[in-house]
Amino acid sequence: MKVTILMADRCSSTSVAASMEFLETANVIHQYLLRSQKTNSQKEERHQAQEKPFEFETASLTGKSIQSTGGLILTPEKSIIQATPAAPNTPRLIIVPGFMFNILSELPLLSPMSNWLKEQHKQGAYIANICTGAFVSAQAGLLDNKRATTHWLFSEQMQQHFPKVKVHTERTVTDDGLIMCSGGSTSSADLLLYIIRKFGSPQLAAECAKKLLVDTGDRSQTPYASTTFKKNHHDNEILRIQIWLEKQLHQPVSMEGLVQEFGLSMRNFIRRFKEATQQTPIQYLQNLRLERAKHLLESSQEAFEQITYRVGLQDANSFRKLFKQRVGVTPGAYRKRFARKSPS
């Protein structure tokens, strides 16, 4: 398969390097597997061993070197216009890198790349978007009415800027025909292994995972996500209520008591709170409790029953079920994954 790995100013150098290294690993292991297998013809074996499952190149908009996030200079082999088209009836894949935390400011400058991707897509090219690289394809309209994912931190912006995209934030990899996407950072490994499995073979992907020490099971972004609590609005009274909720989180909170405390009608309170925070008061309080519980699981050895009381609830079993439903793992599994370990 012919693969073009794109790069652009302030892209993630890690996503470019990972793409090259995973595909080269697949090429090396492919040849090793062929040599270790018995074939009917030594001539056929030599011919197959010379073939690589992935023939990749790197390209930038102009063909000139780019400066990635963090300042590393990357030099492509060619410009996107010079990128080698695939032979007739031969599949072609284009990999779009991630852009760390600056995708929204960079997106207008990436319009030429989006337009080029659109043309390549019309010609039948597969497109794989790493992390926030999905915004570049979305800008071209290539993700309209398609399943996609991106870094959980940017999923809301994706939905706001491109409402036709079917964003599946919990997924680390999505595949909707010719378009593939991955979630944030290390989930690029999930996408690259998926590509090796899809266009190589399951055996090749499994061997690459072993050599690169990468897990192959289904993963979710949900345990890594954290809720943001919007406070940069102009409703000062609602802001006071948000601060009050944070301070009173250790005890049971009654919405009826809260509106009496601040002299609001329930209907007016709910409307204004949702307008200001994009969450209902109940959702907001629930998310506050979940985030506080996650923090305590990460930073303490308290039993979950005690943590339940610390966030103003009494029923640990119900809160445990809610935690599993919303975070995607049990409290115990969350602590095992994210607890802050002291250096040995």
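The values are calculated or read from the model by the stated rules, or taken from the named source; none is laboratory data. Every value quoted in this text rests on a predicted model; they were computed, and no experiment measured them. FYI the Cβ positions are ideal-geometry reconstructions off the backbone, even for glycines, and counts take in every protein chain you see. Heavy atoms of the whole protein, side chains included, go into the accessibility calculation; ligands, DNA and RNA do not. Shrake-Rupley method; radii C 1.70, N 1.55, O 1.52, S 1.80 Å.
Taking interchain pairs and intrachain pairs at least six residues apart, which have beta carbon atoms under 8 angstrom, with the first residue in region 149-171 and among the charged types (D, E, K, R) and the second surrounded by fewer than 18 Cβ atoms within 10 Å (Cβ to Cβ) and assigned to a helix (DSSP H, G or I)?
GLU170/THR222
Please work out if THR216 is β-branched (Val, Ile, Thr) and under 30 Å from PHE54 (Cβ atoms).
For THR216, the condition - β-branched (Val, Ile, Thr) and under 30 Å from PHE54 (Cβ atoms) - is met.
Determine which member of the set LYS324, LYS274 is of a type outside the set (Val, Ile, Thr), more than 30 Å from HIS234 (Cβ to Cβ) and without any contact (Cβ under 8 Å) to a residue 12 or more places away in the chain.
Being of a type outside the set (Val, Ile, Thr), more than 30 Å from HIS234 (Cβ to Cβ) and without any contact (Cβ under 8 Å) to a residue 12 or more places away in the chain holds for just one of LYS324, LYS274, which is LYS324.
Scan region 215-228 and tell me whether some residue there is under 25 Å from ALA138 (Cα atoms) and aliphatic (A, V, I, L, M).
So far as region 215-228 goes, yes, one or more of its residues are under 25 Å from ALA138 (Cα atoms) and aliphatic (A, V, I, L, M).
Test of understanding: among ILE270, ILE282, which residue is of a type in the set (A, V, I, L, M), assigned to a helix (DSSP H, G or I) and loosely packed, with under 14 Cβ neighbours inside 10 Å?
ILE282 is the lone residue from the list that is of a type in the set (A, V, I, L, M), assigned to a helix (DSSP H, G or I) and loosely packed, with under 14 Cβ neighbours inside 10 Å.
Cβ contacts < 7 Å: first residue open to solvent by 40 Å² or more (accessible area, probe 1.4 Å), restricted to region 220-249; second residue outside any loop (DSSP other than H, G, I, E, B) and acidic (Asp, Glu), any location; separation 6+ or different chain. Result?
Close Cβ pairs (under 7 Å, with a partner that is outside any loop (DSSP other than H, G, I, E, B) and acidic (Asp, Glu)) amount to SER226/GLU291; THR227/GLU291.
Since ALA293 meets every condition but one in (1) modelled with pLDDT under 95; (2) assigned to a helix (DSSP H, G or I); (3) open to solvent by 10 Å² or more (accessible area, probe 1.4 Å), which condition does it not meet?
Evaluating ALA293 over (1) modelled with pLDDT under 95; (2) assigned to a helix (DSSP H, G or I); (3) open to solvent by 10 Å² or more (accessible area, probe 1.4 Å) leaves (3) as the failure.
Identify, by number, the condition in (1) at pLDDT below 90; (2) farther than 25 Å from LEU191 by Cβ; (3) open to solvent by 40 Å² or more (accessible area, probe 1.4 Å) that ILE81 doesn't meet.
Only one criterion in (1) at pLDDT below 90; (2) farther than 25 Å from LEU191 by Cβ; (3) open to solvent by 40 Å² or more (accessible area, probe 1.4 Å) is unmet by ILE81, namely (1).
Which number in (1) in a helix (DSSP H, G or I); (2) more than 28 Å from GLU156 (Cβ to Cβ) marks the one condition that HIS250 misses?
(1)
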